[in-house]
Amino acid sequence: MTMPNVSKPRVIIVDDHGLFRSGVRSELGGEVDVVGEADDVQPAVSLIGECLPDVVLLDVHLPGGGGQMVVSAVRAEHPEVRFLALSASDAPEDVIAVIRAGARGYVTKTISGDDLIDAVRRVAAGDAVFSPRLAGFVLDAFASLPAPDDRPSFDPELDQLTAREREVLRLIARGYTYKEVARELYISAKTVETHVSSVLRKLQLSTRHQLTRWAAERRLT
Amino acid sequence: MGLDPTVVRLGLMVATLFTAGYAAVAYVAAWLLVPMAGSDTPIAAKAKADRRGLAVAAALGSLLILILIAVTTFNVPFVGSLASPLFLCIAGLVMVWRNAPAAERATLRDLTEPLEGLAGHRSWSAIMVRAVIAVVLAVGGVAVFVSTHRSLLLLHQLAGVALVLAAVVVLFGPWWIRIARDLVTERQARIRAEERAEMASRVHDSVLQTLAMIQRRADQPQQVVQLARAQERELRAWLFDGQAPGSLDGQDMTVSGGVRQIQQEVEAKHGVPVEAVTVGDCEVNDDLGALLAAAREATVNAAKWSGADVISLFAEVEPGEVSLYVRDRGRGFDPAAVPGDRKGLAESIRGRMARRGGSATVRTAPGQGTEISLTMPRASERQPSRG
């Protein structure tokens, strides 16, 4: 949680609504350095390539494709650019898709300005940002997966959450901040960060096809 | 057919003259196989399934062969060489007539009175032009027949047949295609209109009503925000979960649906945002109904008394039990100091849970916010029906 340096994180805002972009820009105020805005996939990819910001605030839904297209396109060339997904959407499949493409976190657009600044700083520092909703999605995704006996390449380390990780996610879903989670579980805030980053890594690296299918199945019912 | 059909037809007619009538066969074949604009299956696909049409085609073809044989016996030498293109053309045209994408009955009806149909759809001058062309072609074809039947130049004789066929195509082809297209377009337009009407009624019941209310309460920002938020939830439930507006109190309620209902109700009535997260899902029985009722009470309490900006509502459905947490970062309270006549927590929450075999715990202290944890065992050990 400590800031790596005193300079403000450089941020690009990608959202197709101009009104929303300017709203976010004013909420971030002087706390971060907004170096650019883009309204669609292609402009965003080229702008990010030019500016190489610390953090990209990325809308999950863009007219030219999902936010995950921006993430995949940029990460191929600039893996150091970090993404924080920001969405009004409740659809879990879209959120999971962006996270799996490489975003470091997900917050809803109803987030307060202070919390958003805090989230941007964490992502800039390389931490993962889990909103209660994302924690719920992840718990749901991993819990609803049946025991995968059918996969020879099953990797238990990647494909399951530990009991501790589940505990941490549950508390986040209940509305606890990382600090409160740490106090509740008698662990350090740093350890909470470690658990959350590990969950993010599993979410991104797990090759269980059920995880990708989960979203689609959920939408059907 | 990207090109003007007339250009295509004229080109084919010229080609027909040089290819011994086989270009006419190719034209009919193309007619059968190339899908029309606005339709994605070629006529041939339908023709394959049209047994009666096939029978008619075969019958006409065989009749033609009989005639040809009869003519042959009278020593008219050119007929044999005409047989195959002629036969193929006639059979193909029958299939086209019967299976153009329009409704079959319309096609058949109109086929019986083609000239009447023509008169109804086209200007007379265009018809006259085409009729003249057709007659010229037909006469030309017959003339070529007659003038050259003794000759050994088969090319000329075939050209004659082709001219006659081309006359038929020129006269009726555009008309068939136009009728078929009209019908397809009309059907698509009707489907779109029905969808739009359905959409309009739903949008009216929800979004437009809310917008009207917002206009009337423009001077009360708090209420406008509440209305907009409640409407946003409803619209989102419709767009992403397929839950139609106004059908919130569904007969088969699920835990996630119940949580969403609490969220909407509290946001609308008390103006406090509720961050609701549900993991897993199952249907609500009496026990879980009590759990939801207790959770609703706890959420309403938090909205009324805590002063918090946001209330977190988290539900998790597990195979053995359902847990629900209502948390706020508001002012909290001292449980021991709650007056004895305040029944909310004791009766509506603890009592309700205890009667059904569940439990409720309260964690709070002044200035520390409040969290109420509710747990209800699932009586029937069914697997959670995860969505």
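The values are calculated or read from the model by the stated rules, or taken from the named source; none is laboratory data. Here the structure is a predicted model, which means the values were calculated and not measured. Virtual Cβ from ideal backbone geometry, glycine too; neighbours counted across all protein chains shown.
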Kindly establish whether B:Val322 is away from chain A (no Cβ under 12 Å) and in contact with a strand residue (DSSP E or B) (Cβ under 6 Å, 6 or more places away or on another chain). yes
Residue selected from the stretch A:34-82 under the condition outside any strand (DSSP E or B) and of a type in the set (Val, Ile, Thr), by the criterion surrounded by the most Cβ atoms within 10 Å (Cβ to Cβ): A:Val70
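Residues to consider are A:Glu31, A:Glu27; find the one that is part of a loop (DSSP other than H, G, I, E, B) and either among the hydrophobic types (A, V, I, L, M, F, W, C) or closer than 21 Å to A:Ser7 by Cα (or both). Working first, answer last.
Numbers: A:Glu27 fails: part of a loop (DSSP other than H, G, I, E, B).
Step by step, each of A:Glu31, A:Glu27 is checked, and only A:Glu31 is part of a loop (DSSP other than H, G, I, E, B) and either among the hydrophobic types (A, V, I, L, M, F, W, C) or closer than 21 Å to A:Ser7 by Cα (or both).
Results for (1) at pLDDT below 90; (2) out of contact with any helix residue (DSSP H, G or I) (no Cβ under 7 Å at 6 or more places or on another chain), shown as yes or no for each residue.
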| position | (1), (2) |
| --- | --- |
| B:Arg296 | yes, no |
| B:Ala303 | yes, no |
| B:Ser306 | yes, yes |
| B:Leu324 | no, no |
| B:Gly330 | yes, no |
Write out, first by first residue and then by second, each pair whose Cβ atoms fall under 6 Å of each other, whose residues are 6+ apart or on separate chains, and whose first residue, in the stretch A:175-190, is in contact (Cβ under 8 Å) with a residue 24 or more places away in the chain while the second is in a helix (DSSP H, G or I) and aromatic (Phe, Trp, Tyr). A:Ala189/A:Tyr178
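Scanning the stretch A:160-204 for residues that are outside any helix (DSSP H, G or I) and aliphatic (A, V, I, L, M), which turns out nearest to B:Ala315 (Cα to Cα)?
Within the stretch A:160-204, the first condition is being outside any helix (DSSP H, G or I), and the residues that meet it are A:160-162, A:174-177, A:186-188.
Restricting the remaining residues to those that are aliphatic (A, V, I, L, M) gives A:161, A:187.
On the way: A:Leu161: 19, A:Ile187: 24 Å.
So the residue we want is A:Leu161.
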From the list A:Ala135, A:Ala88, A:Ala119, exactly one residue is at pLDDT 90 or above, under 17 Å from B:Glu275 (Cβ atoms) and in contact with a helix residue (DSSP H, G or I) (Cβ under 9 Å, 6 or more places away or on another chain). Which is it? A:Ala135
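What do you reckon, is A:Val56 in contact with a Cys (Cβ under 6 Å, 6 or more places away or on another chain) and of a type in the set (Val, Ile, Thr)? Can you show your working first?
Values: in contact with a Cys (Cβ under 6 Å, 6 or more places away or on another chain): no; of a type in the set (Val, Ile, Thr): yes.
So A:Val56 fails the test.
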Test A:Glu77 against the criterion of being touching a Gly at 6+ places or on another chain (Cβ under 9 Å), charged (D, E, K, R) and without any contact (Cβ under 8 Å) to a residue 24 or more places away in the chain, and give yes or no. no
Are any residues in the stretch B:286-314 more than 12 Å from chain A (Cβ to nearest Cβ) and small (Gly, Ala, Ser), and if so, which ones? B:Gly289, B:Ala290, B:Ala293, B:Ala294, B:Ala295, B:Ala298, B:Ala303, B:Ser306, B:Gly307
Which residues, taken from the stretch A:61-94, are under 17 Å from A:Gly23 (Cβ atoms), within 14 Å of chain B (Cβ to nearest Cβ) and not small (Gly, Ala, Ser)? A:His61
Single residue of A:Glu50, A:Glu31, A:Glu37 found to be without any contact (Cβ under 8 Å) to a residue 40 or more places away in the chain, more than 22 Å from A:Ala88 (Cβ to Cβ) and of a type in the set (Asp, Glu): A:Glu50
Step by step: first the residues of the stretch B:238-285, then only those that are within 12 Å of chain A (Cβ to nearest Cβ) and at positive phi, then the one that is modelled with the highest pLDDT. Which residue is that? B:Gly280
Looking at the stretch A:83-114 only, could you name the residues that are part of a helix (DSSP H, G or I) and of a type outside the set (Val, Ile, Thr)? A:Pro92, A:Glu93, A:Asp94, A:Ala97, A:Arg100, A:Ala101, A:Gly113, A:Asp114
Condition test on A:Asp140, is it in a loop (DSSP other than H, G, I, E, B) and at pLDDT 80 or above? no
Which of (1) in contact with a helix residue (DSSP H, G or I) (Cβ under 6 Å, 6 or more places away or on another chain); (2) under 30 Å from A:Ala189 (Cα atoms) does A:His78 not meet, given it meets every other one? (1)
Within the stretch A:169-188, can one find any residue that is at pLDDT below 90, over 26 Å from A:Val71 (Cβ atoms) and more than 14 Å from chain B (Cβ to nearest Cβ)? no
